[in-house]
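Everything on this sheet refers to the single structure shown next.
The values are calculated or read from the model by the stated rules, or taken from the named source; none is laboratory data. Since the model is a prediction, treat every value here as computed from it, not as a measurement. Positions of Cβ are backbone-derived with ideal geometry, glycine not excepted, and every protein chain shown enters the neighbour counts. These area figures cover heavy atoms from the full protein model, side chains too; ligands, DNA and RNA do not enter into them. Shrake-Rupley method; radii C 1.70, N 1.55, O 1.52, S 1.80 Å.
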Amino acid sequence: MFCDRCGLPAADGDHTGCAAARALEPPRFCAQCRRRMKVQVVPTGWTATCVEHGVRTGQA
């Protein structure tokens, strides 16, 4: 598994900064395969798409 903000392995290092930032912004990397995702942000939320694992959504 990978950090969905920085893309590094989730078990390596301290990701508290990533977790804090993720409270305010959408993921940038797929947590399953580490691919960079296509992210669209709108006033009501966000959509992040991985070519392998599909779409994730969230609310602002």
Task: Taking the convex hull of Cα positions in segment 15-59, its mean projected area over all directions (nm²) - done: 3.1 nm²
Task: For Val39, net neighbour charge (Lys/Arg +1, Asp/Glu -1) across residues whose Cβ lies under 10 Å away - done: +3
TODO: Starting with the highest mean, order 31-38, 1-8 by the number of other Cβ atoms within 10 Å, averaged over the residues of each peptide.
DONE: 1-8, 31-38
Task: Potential extension, Thr57-Ala20 segment - 0.36 nm per residue separation minus Cα distance - done: 11.5 nm
Task: Chain lengthening between Asp12 and Val41 when straightened (0.36 nm per residue, less Cα-Cα) - done: 7.6 nm
Task: Mean Cα-pair separation over length for the chain, i.e. relative contact order, pairs under 8 Å, 6 or more apart, % - done: 27 percent
- [ ] Just the number, please: carbon plus sulfur as a percent of the accessible area of segment 15-59, 1.4 Å probe, no ligands or DNA/RNA counted.
- [x] 51 percent
Task: Probe 1.4 Å, protein heavy atoms only - accessible area per residue of the chain in square angstrom - done: 69 Å²
